[in-house]
Amino acid sequence: MSDKTMTADEAVSRLRSGMTLGIGGWGSRRKPMALVRALLRSQVTDLTIVSYGGPDVGMLAAAGRIRKLVAAFVTLDSIPLEPHYRAARQSGAFELTEVDEAMFMWGLHAAANRLPFMPVRAGIGSDVMRVNPGLRTVTSPYEDPSTGIRETFVAMPALRMDAALVHVNRADRSGNGQYLGPDPYFDDLFCEAADDAYVSCERLVDRFDDAVPQTLLVNRNSVTGVVETPGGAHPTSCVPDHDRDEPFQKLYSTTPWPEFTERFLYGDEKAYQSAAQAWHEERR
């Protein structure tokens, strides 16, 4: 099996402006922030971002890298609405497709299975059809045996992506990824729905001999590159390795973007981690 390890900058060097890019995790949990920070150091722009959004979307929006966003929400969890996303959206900085969380998930399933769409009940009877006039419905070709009715569903389009970025607790060099926390949601679908997938991890391991099989959701067959980045989800959580950094997240959400970038995003990932640690030491 091939060794797929690379640096964050090497992974981002394979991305191009204009791509559709999926970003795993959800809200302020298990986001591949080291890869996002590497993306911010690059010249890649004009992106269509597909994400259960958190600070990944906020930072890319603040930096003007997003042309279109496809999302079910953009939140920092303890801060309900991501402030940099809100500011960019209120100024009309990018196009937005906002769908129900279940619709988003079935869009990932459709893409992972290389289907053009998936029928889903979510969205029926809501304003999601009004705010997304491009959505279509589909009527089942089969009658319900108890009612004789052919049900109508939303035809959720596949969320195909050129590339995906995800973060997991552990990975091996060939691209298998393991979750150790309580929320192993969607990242395997992001990898399977994308043409290429780059997985960052808290720690590389040689093998998963004693792993519970259910924790091994990311398969090497859908992974292009593996990046070891301890603390790479910061400031989001990656339980049990680390919780969300609430004080730093509050700082991020209340600091003007130019000021935040000057202090924390001026250099590489090591510089970022050092600057974040120095800020915590100053508080003490």
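Any read-out appearing in this document is the output of simple, stated calculations on the displayed coordinates, not a laboratory observation. In this text the structure is predicted, and so the values were computed from the model without any measurement. Glycine also receives a Cβ, built like all others from the backbone with ideal geometry; neighbour counts cover every protein chain displayed.
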What are the trypsin sites (Lys or Arg not before Pro) within the stretch 105-202 that DSSP puts in a loop, where the Cβ has at most 15 other Cβ atoms within 10 Å?
R114, R121, R150
Taking the mean number of other Cβ atoms within 10 Å as a proxy for protection, how do you rank 66-72, 78-84 from highest to lowest?
66-72, 78-84
Please name which of T97, G107, L35 has its Cα lying farthest along the dipole of the stretch 1-125 towards the positive end, using unit charges on Cβ (Lys, Arg +1; Asp, Glu -1) and the Cα centre as origin.
L35
When the Cα atoms of the stretch 9-85 are enclosed in a convex hull and the volume is divided per residue, what value in Å³ results?
73 Å³
Selection of chymotrypsin sites (Phe, Trp or Tyr not before Pro), the stretch 178-284, meeting DSSP coil and at most 15 other Cβ within 10 Å
Y266
Candidates S200, S126, S42: whichever shows maximal mean-square fluctuation once the chain is modelled as a Gaussian network with Cα springs under 10 Å
S126
With only Lys, Arg, Asp and Glu charged, each at its Cβ (+1 for the first two, -1 for the last two), find how big the charge dipole of the chain is about the Cα centre; round to the nearest 20 debye.
580 debye
Segment D206-E101, length gained on full extension (0.36 nm per residue, minus Cα span)
34.3 nm
Hey, of (1) 24, 21, 19; (2) 27, 22, 16; (3) 32, 24, 17, which did the structure itself give for semi-axes √(5λ) of the Cα gyration tensor in Å when calculated?
(3)
Here the relative contact order (percent) of the chain, from C-alpha pairs under 8 Å and at least 6 apart, is 20 percent
Just name one of L217, S126, Q178: the one whose Cα is farthest towards the positive end of the charge dipole of the chain (beta-carbon charges, Lys/Arg +1, Asp/Glu -1).
S126
Net charge contributed by nearby residues that have their C-beta within less than 13 Å of F190 (K/R +1, D/E -1)
-4
List the residues, sorted by chain then number, that are 5 or more residues from A163 or on another chain and whose placed amide H is less than 5 Å from its amide H.
T20, G22, D195, D196
Write down the Kirkwood hydrodynamic radius of the stretch 236-284, to one decimal in angstroms, obtained as one divided by the mean of 1/r over all alpha carbon pairs.
11.6 Å
Can you figure out the FRET efficiency of T137 with N221, using R₀ = 35 Å and their beta-carbon distance, to the nearest 0.05?
0.55
Around P230, what is the net charge, scoring Lys/Arg as +1 and Asp/Glu as -1 over all other residues with Cβ under 11 Å from its Cβ?
-2
Expected 222 nm ellipticity per residue - DSSP helices of 4 or more, -39500 (n - 2.57), all of the chain, to 500
-8000 deg cm²/dmol
Give me the dipole magnitude in Debye, nearest 20, for the stretch 1-125 about the Cα centre, with unit charges on the beta carbon: positive for Lys and Arg, negative for Asp and Glu.
160 debye
